[in-house]
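S.K.: Let me give you the structure first, and then I'll get to my questions.
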Amino acid sequence: MGMSKVLVVGGTGFVGRRVVRASLAVGHPTYVLQRPEIGLDIEKLQMLLSFKKEGAHLVEGSFSDFQSLVRAVKLVDVVICTMSGAHIRSHNILLQLKLVEAIKEAGNIKRFLPSEFGLDPARMGHAIEPGRVTFDDKMVVRKAIQDAKIPFTYVCGFAFAGYFGGNLAQLGTVLPPKEKVLIYGDGNTKVTIVDEDDIATYTIKTIDDLRTLNKTLYIRPPENVVTHKELVEMWEDVMGRKLQQITISKQDFLASMKGMDYAGQVGVAHFYQVFYEGDLTNFEIGEEGEEEASKLYPDVKYTRLDEYLKIYA
Ligand SMILES: NC(=O)c1ccc[n+]([C@@H]2O[C@H](COP(=O)([O-])OP(=O)(O)OC[C@H]3O[C@@H](n4cnc5c(N)ncnc54)[C@H](OP(=O)(O)O)[C@@H]3O)[C@@H](O)[C@H]2O)c1
């Protein structure tokens, strides 16, 4: 197969900008939606212009103008949507239903990758409130894709290193703690923590690969599967000194939601699923037909967690 033409929707976002760069890096003709709603956001505009300088095509289009989405979709073979879905920033996952409609109307798309990139929503039917909204909304989008018979790949990158790694998985900060670290439960639950740049690289790898057509791609690089305690030890090795470890029970952790704003509560609920329920690792990959990225693409030199942590030192 040749190099598909790719449209990235949400290209200036946290994940989106990485996907645009990964697509350009391997030479896909890359199109990025440029929304008039960016208004005076000079950072977004300058990022879009920097993509253009690197060879991307900017395509004007808006979620308030359905035909503009159809026109944008008609230019390409593959659509990757990186719509916002982290409540601490914003959560607009269901807006993608308009994009699904546009893809259906355009009728030319060989593959659609909706905004996923985290936990597999299909395995999160048991998730607690209010965090489950993320998974429920992503499942609504999946259903619309499958009802419309649009070819797809769902990419699950599990826990992003920026939110779960560098801060030693401490809530409310993206920096490593200096003295004390909260350990969730016994700290022995295995979690998968992945560099967001690697998620983008694997995402682009998958788009022309028939092995992942109509499948879910899990990104679980073996050396990045660690317990919370192992993550803290890795950081202690980097720093050459120990942190004071304070254990927090499941009950106390959940009780910490009280009085928090909605985004904070969603964050606590997600961390609960990851560190207390073990929802990143309590299943075998492949039991539902999924593929694993580091096995499919052994040529990708993914970032090992211990290397990743060194940038914070
Ligand atoms: N598992 C994890 O650790 C983790 C962490 C973070 C995120 N995620 C997942 O990653 C995905 C992407 O999240 P993100 O943090 O990268 O998102 P983000 O940076 O907050 O936003 C991505 C893009 O969404 C678009 N957008 C936002 N509001 C919009 C609106 N009203 N209309 C049209 N477009 C709008 C914007 O696109 P423009 O570029 O066009 O302005 C924005 O740049 C989500 O599915 C999220 O759940 C997972």
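S.K.: Among the residues that make up the range 253-275, is at least one of them assigned to a strand (DSSP E or B) and farther than 25 Å from residue 307 by Cα?
M.R.: no
S.K.: Which residues, counting only those in the range 136-167, are assigned to a loop (DSSP other than H, G, I, E, B) and more than 29 Å from residue 230 (Cβ to Cβ)?
M.R.: Residues of the range 136-167 assigned to a loop (DSSP other than H, G, I, E, B): 148-151, 157-158, 165-167.
148, 149, 150, 151 - these are the residues of the range 136-167 that are assigned to a loop (DSSP other than H, G, I, E, B) and more than 29 Å from residue 230 (Cβ to Cβ).
S.K.: Just the residues that are in a loop (DSSP other than H, G, I, E, B) and touching a strand residue (DSSP E or B) at 6+ places or on another chain (Cβ under 6 Å), please, taken from the range 290-313. Write out each step before concluding.
M.R.: So in the range 290-313, the residues in a loop (DSSP other than H, G, I, E, B) come out as 290, 297-304, 311-313.
Residue satisfying the conditions is 290 alone.
S.K.: How about the range 39-67: which of its residues are part of a helix (DSSP H, G or I), under 28 Å from residue 101 (Cα atoms) and within 12 Å of the ligand (Cβ to nearest atom)?
M.R.: The answer is 44, 45, 47, 48, 51.
S.K.: Please work out which residue is farthest from residue 88 (Cα to Cα), limiting yourself to the range 122-135 and to residues that are within 12 Å of the ligand (Cβ to nearest atom) and assigned to a helix (DSSP H, G or I).
M.R.: The first filter runs over the range 122-135 and keeps only residues within 12 Å of the ligand (Cβ to nearest atom), leaving 124, 131, 133-135.
Adding the requirement that they be assigned to a helix (DSSP H, G or I) leaves 133-135.
Values: 133: 14, 134: 12, 135: 16 Å.
Filtering first and then ranking leaves 135.
S.K.: Do we have any residue at all in the range 156-173 that's loosely packed, with under 15 Cβ neighbours inside 10 Å and more than 12 Å from the ligand (Cβ to nearest atom)?
M.R.: yes
S.K.: Can you tell me which of 213, 296, 231, 254 is out of contact with any Cys (no Cβ under 8 Å at 6 or more places or on another chain), closer than 19 Å to residue 180 by Cα and not basic (Lys, Arg)? I'd like the intermediate steps shown before the answer.
M.R.: Working: 213 fails: closer than 19 Å to residue 180 by Cα; 296 fails: closer than 19 Å to residue 180 by Cα; 254 fails: closer than 19 Å to residue 180 by Cα.
After ruling out the rest, the residue left standing is 231.
S.K.: Something else: Cβ-Cβ distance below 9 Å, separation of 6 or more or different chains: which pairs start in the range 299-311 with a residue that is over 18 Å from residue 158 (Cβ atoms) and end on one that is surrounded by fewer than 21 Cβ atoms within 10 Å (Cβ to Cβ) and of a type in the set (D, E, K, R)?
M.R.: Close Cβ pairs (under 9 Å, with a partner that is surrounded by fewer than 21 Cβ atoms within 10 Å (Cβ to Cβ) and of a type in the set (D, E, K, R)) amount to 299/205.
S.K.: Another one. Scan the range 1-38 residue by residue and report those that are more than 10 Å from the ligand (Cβ to nearest atom) and part of a loop (DSSP other than H, G, I, E, B).
M.R.: 1, 2, 3, 4, 5, 26, 27, 28, 29
S.K.: Right, something else. From 19, 32, 26, grab the single residue that is more than 13 Å from residue 59 (Cα to Cα) and buried (at least 23 other Cβ atoms within 10 Å of the Cβ). Show your work before the answer.
M.R.: Working: 32 fails: more than 13 Å from residue 59 (Cα to Cα); 26 fails: buried (at least 23 other Cβ atoms within 10 Å of the Cβ).
Being more than 13 Å from residue 59 (Cα to Cα) and buried (at least 23 other Cβ atoms within 10 Å of the Cβ) holds for just one of 19, 32, 26, which is 19.
S.K.: Another question about this same structure. Quick one: which residue in 216, 201, 281 is crowded, with 16+ Cβ neighbours inside 10 Å, part of a strand (DSSP E or B) and of a type outside the set (Gly, Ala, Ser)? Talk me through it step by step, then tell me what you get.
M.R.: Details: 201 fails: part of a strand (DSSP E or B); 281 fails: part of a strand (DSSP E or B).
Just one listed residue meets the conditions, 216.
S.K.: Taking the range 106-119 on its own, how many of its residues are part of a loop (DSSP other than H, G, I, E, B) and either surrounded by fewer than 20 Cβ atoms within 10 Å (Cβ to Cβ) or among the aliphatic types (A, V, I, L, M) (or both)?
M.R.: Pass one, the range 106-119, residues part of a loop (DSSP other than H, G, I, E, B): 107-110, 114-119.
Cutting the leftovers down to either surrounded by fewer than 20 Cβ atoms within 10 Å (Cβ to Cβ) or among the aliphatic types (A, V, I, L, M) (or both) gives us 107-110, 119.
Of the residues in that region, 5 qualify.
S.K.: Quick test for you: out of 88, 80, pick the one residue that is within 12 Å of the ligand (Cβ to nearest atom), among the β-branched types (Val, Ile, Thr), within 30 Å of residue 274 (Cα to Cα) and in a loop (DSSP other than H, G, I, E, B). If you could, list the steps in order and put the result at the bottom.
M.R.: Working: 80 fails: in a loop (DSSP other than H, G, I, E, B).
The match here is 88.
Taken together, the values in this text are just the output of simple stated rules run on the coordinates, not laboratory data. Keep in mind that what you see is a predicted model, and the values were worked out from it rather than measured. Every residue, glycine among them, receives a Cβ derived from its backbone with ideal geometry; neighbour counts consider all protein chains shown.
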